[in-house]
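Below is one structure; the comments refer to it alone.
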Amino acid sequence: MPDILNIIREDSVQSVEINQKVLELVTDLANQRNIKEVGVFLEQEIRKAKKLEETSDKEASKVASSSSNNEYRYLLIKCVNQITQLFPETIPLMICPLMESFLMFEKKGSMASLETIIFIREVIEVYPEHRQSILEQLTRLVDDIKNHLVLRVAIWIVGEYSLAQGEIDQAFDSIKRNVGELPIFKEANEDEKKSLPEETQGPKVITKTIILPDGSYGTETIVLDDPSAKNAAGVQADTPLRKALKAADDDFLASCIAISLTKLSVKCKKNLNMKKFNGMSVDSSLIICSLLKGSKKDMTNV
């Protein structure tokens, strides 16, 4: 087995055909005696595939190299799927690096991310003993997922499978954090404000008279609605999920967010945590109303 695995290590994804044959051999020859070595090898290859993608992004002219990386990622996902079905004990070893490495791709690599999240959905359904650890990691990784199709499945997963109160709180906070400040969609009159010169959009200043500690009168100046501060806050709040809602025109993503927030709120009520349920129900209603407002605006433009 070590000699077979070294073929890929030395090849470094120069030949997808060779690597495919080696991975097929690895799957066929895997057994209880060498499964730990196979698991470690696949973990290393997953992390290597991510590094290769980062290198190819910096060297955009190497289209063939990027294509080979994509094919190799598909082969790795397929191999991991087969190995985990035969040896479920390898799931904790391989699922974490797979999520960390393959969920964040976009553009050409987005299909690998979609295949990965679908595989995670299958694992979390078939092997409930691994749900807690997968959910914890997935809720952390939602912040970094860039593709709206992958986000859609990820949000559905955390909404569907979060059962314990700690999981519900973590999932709800993750979605709410990535939606960002409300409203999500800008008002029509905001375009008029942006068309004005920046000098005319300066902060509002209020000056009022106050009584100083020594009994004399003085003035205090308060600055309200500083546009520069708002813009800075807006940039920080533009998470991939918020950008997808504003730019992708994906009504299914908005529906998935609304359904997941509702599910989490209902589960919180079933857990008899009424204080948190009241807060979640209010936050859910506000977010859903904001999503409906954006959908209504899109319908009026049709």
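The values are calculated or read from the model by the stated rules, or taken from the named source; none is laboratory data. Everything numeric here is computed off the predicted structure, so don't read it as measured data. Don't worry about glycine lacking a Cβ; one is built from the backbone with ideal geometry, like all the others, and counts go over all protein chains shown.
Odds and ends about this structure:
- Qualifying positions in the range 140-154 - within 8 Å of the chain's Cα centre (by Cα), in a helix (DSSP H, G or I) and surrounded by 19 or more Cβ atoms within 10 Å (Cβ to Cβ): VAL142, VAL150, LEU151, ALA154
- Taking the criterion of being within 13 Å of TYR74 (Cα to Cα) and either within 12 Å of the chain's Cα centre (by Cα) or without any contact (Cβ under 8 Å) to a residue 40 or more places away in the chain (or both), the residues of the range 106-119 that qualify are SER113, LEU114, THR116, ILE117, ILE118.
- Taken over the range 52-96, the criterion of being of a type in the set (Ser, Thr, Tyr), under 19 Å from VAL40 (Cβ atoms) and at pLDDT below 90 is satisfied by TYR72 alone.
- Note on the range 9-20: among residues that are touching a helix residue (DSSP H, G or I) at 6+ places or on another chain (Cβ under 9 Å) and farther than 12 Å from LEU76 by Cα, the one that is modelled with the highest pLDDT is ILE18.
- Residue within the range 98-111 that is assigned to a helix (DSSP H, G or I) and exposed (fewer than 15 other Cβ atoms within 10 Å of the Cβ) present: yes
- Condition check for VAL126 on (1) free of Cβ contacts under 8 Å to residues at least 12 places away in the same chain; (2) closer than 29 Å to VAL282 by Cα: one failure, at (2).
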